[in-house]
Every structure is written in C-alpha cells, then in structure tokens.
Amino acid sequence: MGGSIAGCAAALAAHRGGVGEIVVYERAVDRPTDRGVGLVMHNSRHGELSSQGYLGTDTPWVQLTRRRWYVRDGLSSLGREVAVTPFPFRTYTWGPLWHELRRRVPDSAQFRPGTTVTGIDITPEGAELTAGSEGRAEHFDLVIGADGYRSVVRRAVCPDLRPEYAGYLAWRGAFPADRLTDPAAWADEDCVFAVFPGGQLTAFRIPDGAGGHRVNWVLFTTPPTRLDLALNDPTSLPPGTVTEALHTHLTEIADTHLPPYWGELVGLTAPDELFIQPLYDFTAPQYTTDRLLLMGDAATVARPHTGAGTVKALQDATALESALTTHPGSLADALRTYDADRSAAGRTMVDLGRSLGQALVQEAPDWGAMDQSALDTWCQQADGGGALGGLKLPRTVSERRAQSETP
C-alpha cells in the first residue's frame, strides 16, 4: 500500500526477494512526479544503496561538501560566519528520484492508482483488503504498509499508536535559483545554517531537472500563538493555502532574526511555493504482526533534522529483501528478522531527531557566543552517535545471505 518512494522500494524488494505476484495500491490518481521538494542523502548511505541496486547515477543531484553556520550581526549581509563543518551530502528533487526508483520496479508488478483501501482483515491464510469504491475484497499472503505517516496498515498493526507533536513548525519553500539577487555570494556546495534564538534556517540548492538549480529552504521555529493555528494538533498547510497573517508572521521572523541575505531568500518565495509542516515524530514499537509489515513513514517518522527520511525508507527495503531471501521457506521467520532489524533503527532515528530538535530549536545555545571550537564541540554532542544522514547498514544483502548459509 502506497506508491511513493517507500512503496516503489517495497515492490522492488519483494520482487528481488522472490515474491511472485505484487500489487501496489495508490490513493492518488496521478502521482505528482514534478514535486519540487528537495531532500538530502549522505554520500556514504548513497554508496551503500547504489551498491545494492536501489539507486543509480542517472538522477540529477547537487554535491554539498560543507555546512556554513551564520548568525545575524548587523554588519554583513550574509551574517557573521560562526563556523564551517563538513557536510558530505547529495541533494535531490523528489520527483526525479521517484522516477528512477519507479523504473526499477518490474512490469510484472501491478500498480493500481486511484484506489483507496478501506479495510484490512487478518485471516488464517493471510490478509484480506477491502478497496475501491465498490468495496472489492482481495486476499494476499502479505500486506506491506508503505502508505505514509497516516498509514491505514499501521492502525491495524499498532492501533493505539499516535504521532506526537514536537511543538514547532517547519516552514518550507523552493524556487528557481536565478531569482537570487546575488547568487555568487553563496557557493553551490554550501549548505547554510542561519541560526537564531528559538529557530534555524537550512538552505541548499537542488536540481531543477533542466540542468539548473532551485533553492530549497526550511525554517524551523515555534508557532505564532496569536494566529489562527491549532496549536495542540496542527495540520499541514500545502502550497497556496498559507494565510496572509501567517505569511506576515514569517516575514517578521525573516526580517528580525535572519541576516539580510537569508531573510531576503525567504521573501523571494512566492505564495504558491510556500507551505507549512508541523513536526510530529513516532516509531512503531513493532514493524510486523501476523501478515502485516510497515516501512518508511508508515513505520517511523523522525524530525527532518536527521536528514535521513528517504534513506531510512530505502534501507527498510533492503532489509525486507534480505529477510525474504534469507528465509525463503518461512514468511514468519522473514517477518521476525525484518522486525528485529528495522524497529531498532526506527527508535534510534526518532531519538536523534528529538535530540537535534532540542539542540537546534527548543533548547538552542547562545549562537552569538559560538566560535569554531565551540561549534565543533556542540556538533559532537548533538550527534555523538554519528547517525546524521542515517545509520550505516549493518551488512549488504549479499553478506546477510552468505551469513545465513554458513553452517
């Protein structure tokens, strides 16, 4: 269930794991493949996923090498540079990356767009789905929930699990890079962190699909208490729906807290390029039960500070392939292996996201008092486990298979 990046990866993993018949249910009629949303991927994680055949080299990307930390100082347009730290990440645009993964799924997999699953029932032989406007029931040996953070499958696996609101928002935008008034002031390989009390702007370039770049930015800050926003359980506001009052509040934040160059960058974003994402996080205590399995955002959502959402979904797929090939005669054993592998990884990433959220936004230090040495120490403490960008895969699929065949 789900035809996004996680769903395509699940279908590919199932095929490689020996599954004979694969059906992919997708709620959307047309997958919005032209999404301009940017994402990052650590160089090492990309190398691992490429070596296992889940990524290639055809999709356009931008190489980042360093992260520049700025604070507003009233003197420089860019702000005072507090420190420079390594940042070996690639950036992608969502749509082209989805296209690449979709092309890897074999034609034998059936995709059913515009189909909503309304019910899941466990039977002695597997699972029965009720789907479509006619409520047709179909029987399957295994149902994989790759249907996002509002997953129907997760409600069946963990009915009492509720995502927890983090208490702050992510304002997001993306626009053509040629809109920048002084693009030479900001190098292509730089990821920018403009930090201020109670918030932080991240900005980097992503491919535009036509040989150029777009600017992708995220601003983390607490919500405005005086505006009409459900503070206990806020919902996302997609592009074009951000109210004038909220837009005015964003402008105030940019003008007051950000260095002029980066405040102007936020202001260059058109209303139909701006959206708001309240931050939630959760992880399922178990990734499998009976004949149901969770992966991607259906299983775990960590705050975007981790830079590992897409990586985590693709790693889930590699673990599923490994579990199926390691236990070809026992689906129950394969599910237990997958659950043990990925549920622990989910807990680690949620913990990291919460830790980084506190360190960057909720309990941020006095950035103005920082220098290179202090920032290096802060980074080591904030990500002491080295999980930024995603955990290293413990073993490749082939290595896992070889280990299982060793007496």
Inset, instruction - May I ask for the net charge around residue 136, where only other residues with Cβ less than 15 Å from the Cβ of residue 136 are counted and Lys, Arg are +1 while Asp, Glu are -1? - result: -3
Inset, instruction - Quickly work out the residue 340-to-residue 125 label distance, labels modelled 7 Å from Cα along the C-beta direction, and quote it in nm with one decimal. - result: 3.1
Legend entry - Exposure of residue 123 as accessible area (Å², to 10), given a probe of 1.4 Å and all protein chains: 40
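How charged is the neighbourhood of residue 58? Take every other residue with its Cβ under 14 Å from the Cβ of residue 58, and add Lys/Arg as +1 and Asp/Glu as -1.
+3
Quickly rank 106-118, 338-350 as a protection proxy: mean count of other C-beta atoms within 10 Å, highest first. Intermediate values should be presented prior to the final figure.
Working: 106-118: 13.5, 338-350: 19.8.
Answer by packing, highest mean first, reads 338-350, 106-118.
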Legend entry - Surface share of carbon and sulfur [accessible, 1.4 angstrom probe, percent] for the chain: 49
Inset, instruction - Order these peptides, 324-336, 199-211, by their mean beta-carbon neighbour count within 10 angstrom, highest first. - result: 199-211, 324-336
Legend entry - Rough spin-label spacing in nm, given labels placed 7 Å along Cα→Cβ, for residue 185 and residue 81: 1.4
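Ranked highest first by average number of other Cβ atoms within 10 Å, how do 77-83, 363-369 line up?
On the way: 77-83: 18.0, 363-369: 13.4.
Packing proxy ranking, top to bottom: 77-83, 363-369.
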Inset, instruction - Could you please report the charge total around residue 71, scoring K, R as +1 and D, E as -1 over all other residues with beta-carbon less than 9 angstrom from its beta-carbon? - result: 0
Legend entry - [x] 39.1, 120; [y] 21.7, 70; [z] 20.3, 70, with the label sought being that of the calculated Rg and Dmax of the Cα atoms in Å: [y]
Inset, instruction - Only helical DSSP H runs with n ≥ 4 go in: add -39500 (n - 2.57) per run for the chain, normalise by residue count and round the 222 nm mean residue ellipticity to 500 deg cm²/dmol. - result: -9500 deg cm²/dmol
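The values are calculated or read from the model by the stated rules, or taken from the named source; none is laboratory data. Because the structure is a prediction, the values reported are computed rather than measured. For neighbour counting, all protein chains shown are included, and Cβ atoms are generated from backbone atoms with ideal geometry for every residue, glycine included. Ligands, DNA and RNA are excluded from the accessible area calculation, which covers all protein heavy atoms including side chains. Shrake-Rupley method; radii C 1.70, N 1.55, O 1.52, S 1.80 Å.
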